[in-house]
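Written out below as structure tokens is the structure these notes cover.
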Amino acid sequence: MFAPRTLVLPALLALALPLRAQTCPELGPIQVYSGAGTVTCPCFVAGEEAGTVFTGIPVGDYPIEITKIGIAWGSQSGGALPTIEDAIEIYGAGLPNPSSGGLLYSFAAPQMTDGFVNEFNVENQAPGGGAVVINAQPFTVTLKFYNSNNSPPYGPSVIEDSNGITPGRNVVRAIGFPFSGWYDAQSLGVSGDWVFYIKYKANCGGGGGNPGTAYCFGDGSGNVCPCDPGQAGQPGQGCSNSTGQGGRIEASGTPSVANDSIVLHLSHLPATAAAIIFQGTLQQNGGQGSQLNDGLLCVNGSVIRIGTKNSTAGASDWGFGIPGDPLISVRGAIPAVGGTRQYQGWYRNSAVFCTPATSNYTNGWSITWTP
């Protein structure tokens, strides 16, 4: 088997919140592959992805903090020069569509070395030095290719273990063959499990995590955006705006009525856009959303406006610890017994873009409040 090699990522694009690291023993490696084979797959073009669906971790360990990610890398003849690939991605779901759970983290520019299991130390590599926290399974870890390796001279690529493939646990995100999208690697003729693993710290009292679940994406995984084709946002975002990104809402903190520390975060908006966060009791159109203005309306039922702010550098925060803000549970009138509520951001986007409308929406975010 390839020798392990531990690296620290030189750069990253993390699409999740700063989270507090947990102080628990490291567990793992957790892996699907079992064989000692080292069969390279020079079969990818730039922008495609290969990876592993992770599940089977004890439920009591969640939320977990991923500390290391291992990816085997090799070439047919050996001795290839190191390459810089696009990113290591972590999605919040498994097959048939890993991106339906949102793109939780994206670590840019991993350097891959031929003949090694390249182990990347991602501990405390979320924004602001936060922990890379996963709240539930399944989740998917992929390598996104920057370099095509599918034509002579065939370049280095990911490795499969040549010991039979586990259905539903190995993914390929293809571009144009046979159709663009996510595939179970087995359906494309891959004969072994990708050699990927993670190491993690279990939740042993350290707390952390993204409270709630993202839904209603404008990235093509659900309802289409008003100006599709061509308006889909990045994974986990709303429909794209005039900046080329889709607005995003997410949360951090504790969703307890008695101990509320929830902060709602908006990002990827136009630089100084006016924004409103609102709360509802229902998800619009079964969580798929409905077209409205330049985006998708994701929230329905009894609706309460949480507040209005102007963005700074395309982002804004609301709730606990923010000067002048009420607690989200107080402003949203969450009953003492708790309950599930839906959240979304509306924002001004008056640039000439898409429909004649001058506003757009983020994705949706669902939080279950406890007493």
Is it the case that some residue within the stretch 123-130 is part of a strand (DSSP E or B) and surrounded by 24 or more Cβ atoms within 10 Å (Cβ to Cβ)? yes
Mind checking whether some residue in the stretch 280-289 is under 23 Å from the mean Cα position of the chain (by Cα) and part of a strand (DSSP E or B)? yes
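Residue by residue, here is whether (1) surrounded by fewer than 16 Cβ atoms within 10 Å (Cβ to Cβ); (2) touching a residue at least 40 places away in the same chain (Cβ under 8 Å); (3) farther than 25 Å from N150 by Cβ holds:
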| site | (1), (2), (3) |
| --- | --- |
| E49 | no, yes, no |
| K68 | no, yes, yes |
| G79 | yes, no, no |
| A87 | no, yes, no |
| A109 | yes, yes, no |
Taking the stretch 261-299, which residues are closer than 19 Å to P226 by Cβ and hydroxyl-bearing (S, T, Y)? S290
Can you find a residue in the stretch 300-309 that is in a strand (DSSP E or B) and under 24 Å from D219 (Cα atoms)? yes
Exclusive hit being crowded, with 18+ Cβ neighbours inside 10 Å and in contact with a His (Cβ under 6 Å, 6 or more places away or on another chain), set G222, G247: G247
Looking for something under 24 Å from the mean Cα position of the chain (by Cα) and within 21 Å of S240 (Cα to Cα) - is there at least one such residue anywhere in the stretch 324-340? no
T355 fails exactly one of the following numbered conditions: (1) surrounded by fewer than 17 Cβ atoms within 10 Å (Cβ to Cβ); (2) out of contact with any Cys (no Cβ under 8 Å at 6 or more places or on another chain). What is the number of that condition? (2)
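Which of the residues spanning the stretch 54-66 are of a type in the set (A, V, I, L, M, F, W, C) and crowded, with 24+ Cβ neighbours inside 10 Å?
Listed by number, the residues that qualify are F54, I64, I66.
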Does V133 count as closer than 15 Å to E49 by Cβ and either outside any loop (DSSP other than H, G, I, E, B) or of a type in the set (S, T, N, Q) (or both)? no
Considering the stretch 252-276 alone, what residues qualify as being in a strand (DSSP E or B) and either surrounded by fewer than 23 Cβ atoms within 10 Å (Cβ to Cβ) or outside the structural domain of N360 (by TED's automatic domain parsing) (or both)? S256, V263, H265, S267, A274, I276
Do we have P156 as in contact with a Phe, Trp or Tyr (Cβ under 7 Å, 6 or more places away or on another chain) and more than 27 Å from P229 (Cα to Cα) here? yes
Scan the stretch 28-39 and report the pairs whose first residue is under 24 Å from Y200 (Cβ atoms) and buried (at least 16 other Cβ atoms within 10 Å of the Cβ) and whose second residue is aromatic (F, W, Y) and modelled with pLDDT under 95, with Cβ atoms within less than 6 Å and a gap of 6+ or a chain change. G28/Y200
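Under the condition of being part of a loop (DSSP other than H, G, I, E, B) and of a type in the set (S, T, Y), which residue from the stretch 160-204 is surrounded by the most Cβ atoms within 10 Å (Cβ to Cβ)?
Among those that are part of a loop (DSSP other than H, G, I, E, B) and of a type in the set (S, T, Y), it is T166.
With the structure loaded, tell me whether S290 is surrounded by fewer than 16 Cβ atoms within 10 Å (Cβ to Cβ) and in contact with a helix residue (DSSP H, G or I) (Cβ under 9 Å, 6 or more places away or on another chain) or whether it fails that test. Reasoning before the result, please.
Numbers: surrounded by fewer than 16 Cβ atoms within 10 Å (Cβ to Cβ): yes; in contact with a helix residue (DSSP H, G or I) (Cβ under 9 Å, 6 or more places away or on another chain): yes.
Yes; evaluated as a whole, the condition is true for this residue.
For the stretch 338-351, does any single residue satisfy the condition of being assigned to a loop (DSSP other than H, G, I, E, B), on the phi > 0 side of the Ramachandran plot and out of contact with any helix residue (DSSP H, G or I) (no Cβ under 8 Å at 6 or more places or on another chain)?
Yes.
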Please go through the stretch 158-184 and pick out each residue that is in contact with a Ser or Thr (Cβ under 8 Å, 6 or more places away or on another chain) and modelled with pLDDT under 90. S162, N163
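The values are calculated or read from the model by the stated rules, or taken from the named source; none is laboratory data. Small disclaimer: the values here were computed from a predicted structure and weren't measured. Positions of Cβ are backbone-derived with ideal geometry, glycine not excepted, and every protein chain shown enters the neighbour counts.
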